[in-house]
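The values are calculated or read from the model by the stated rules, or taken from the named source; none is laboratory data. All values reported here derive from a predicted model rather than from experimental measurement. Every residue, glycine among them, receives a Cβ derived from its backbone with ideal geometry; neighbour counts consider all protein chains shown. What goes into the accessible areas is simple: the full protein's heavy atoms, side chains included, and nothing from ligands, DNA or RNA. Shrake-Rupley method; radii C 1.70, N 1.55, O 1.52, S 1.80 Å.
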Amino acid sequence: QVHVVQSGGGLVQAGGSLRLSCTASGSTFSINAIGWYRQAPGNRRDLVASITSGGSTNYADSAKGRFTISRDNAKNTVYLQMNSLKPEDTAVYYCGAFSKGGDAWGQGTQVTVSS
């Protein structure tokens, strides 16, 4: 079984940067991919970026060129570096870990970008 805990987020002005962290524990060897998702009020939860166990990355169009997903295997942690933030990036961000045994979600963290 996998568990994930998120950290980071907060309030930042437009153009600023934030870094989110997602630390996995438990059966981390079974994780196939970890993704960052976000959900604004009234909207569905959408993928922002993901990284596979092999290191392949995928980004939503809105994140390309501004956000970078990376991982530190020694710390079982995946990061989402968000630069050039825009007010439309405001949402609750969730980390999800996906393995054969099921999915594990973080608790969510608020990111608010003021104009």
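Restricting to the stretch 99-115, give me the number of residues that are surrounded by 19 or more Cβ atoms within 10 Å (Cβ to Cβ) and at pLDDT 95 or above.
So in the stretch 99-115, the residues surrounded by 19 or more Cβ atoms within 10 Å (Cβ to Cβ) come out as 99, 104, 106, 109, 111, 113.
Then drop every residue that is not at pLDDT 95 or above, which leaves 104, 106, 109, 111, 113.
Residues flagged as surrounded by 19 or more Cβ atoms within 10 Å (Cβ to Cβ) and at pLDDT 95 or above within the stretch 99-115 amount to 5.
Per-residue answers, yes or no, for (1) within 19 Å of Gly15 (Cα to Cα); (2) of a type in the set (Gly, Ala, Ser); (3) open to solvent by 50 Å² or more (accessible area, probe 1.4 Å):
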position: Gly26; (1), (2), (3): no, yes, yes
position: Ala33; (1), (2), (3): no, yes, no
position: Gly42; (1), (2), (3): no, yes, yes
position: Asp46; (1), (2), (3): no, no, yes
position: Ser53; (1), (2), (3): no, yes, yes
position: Asn58; (1), (2), (3): no, no, yes
position: Asn73; (1), (2), (3): no, no, yes
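Would you mind stating whether Tyr93 is open to solvent by 30 Å² or more (accessible area, probe 1.4 Å), in contact with a Lys or Arg (Cβ under 7 Å, 6 or more places away or on another chain), at pLDDT 95 or above and closer than 22 Å to Ser114 by Cα? If you could, list the steps in order and put the result at the bottom.
Working: open to solvent by 30 Å² or more (accessible area, probe 1.4 Å): no; in contact with a Lys or Arg (Cβ under 7 Å, 6 or more places away or on another chain): yes; at pLDDT 95 or above: yes; closer than 22 Å to Ser114 by Cα: yes.
So Tyr93 fails the test.
Open to solvent by 60 Å² or more (accessible area, probe 1.4 Å), over 21 Å from Gly65 (Cα atoms), charged (D, E, K, R) and modelled with pLDDT of 95 or more, is that true of Arg19? Quick ask: steps written out before the conclusion?
Numbers: open to solvent by 60 Å² or more (accessible area, probe 1.4 Å): yes; over 21 Å from Gly65 (Cα atoms): no; charged (D, E, K, R): yes; modelled with pLDDT of 95 or more: yes.
In short, no.
For Gly16, indicate whether it is part of a loop (DSSP other than H, G, I, E, B) and in contact (Cβ under 8 Å) with a residue 12 or more places away in the chain.
Numbers: part of a loop (DSSP other than H, G, I, E, B): yes; in contact (Cβ under 8 Å) with a residue 12 or more places away in the chain: yes.
Yes, satisfied.
Scan the stretch 92-112 residue by residue and report those that are part of a strand (DSSP E or B) and farther than 10 Å from Gly9 by Cα.
Tyr94, Cys95, Gly96, Ala97, Phe98, Ser99, Gly102, Asp103, Ala104, Trp105, listed by residue number.
Can you pull out every residue in the stretch 48-83 that is in contact (Cβ under 8 Å) with a residue 12 or more places away in the chain, assigned to a loop (DSSP other than H, G, I, E, B) and either of a type in the set (D, E, K, R) or touching a Lys or Arg at 6+ places or on another chain (Cβ under 7 Å) (or both)?
Arg66, Asn83
Count, please, the residues in the stretch 4-16 that happen to be closer than 19 Å to Leu85 by Cα, in contact with a strand residue (DSSP E or B) (Cβ under 7 Å, 6 or more places away or on another chain) and surrounded by fewer than 18 Cβ atoms within 10 Å (Cβ to Cβ).
7
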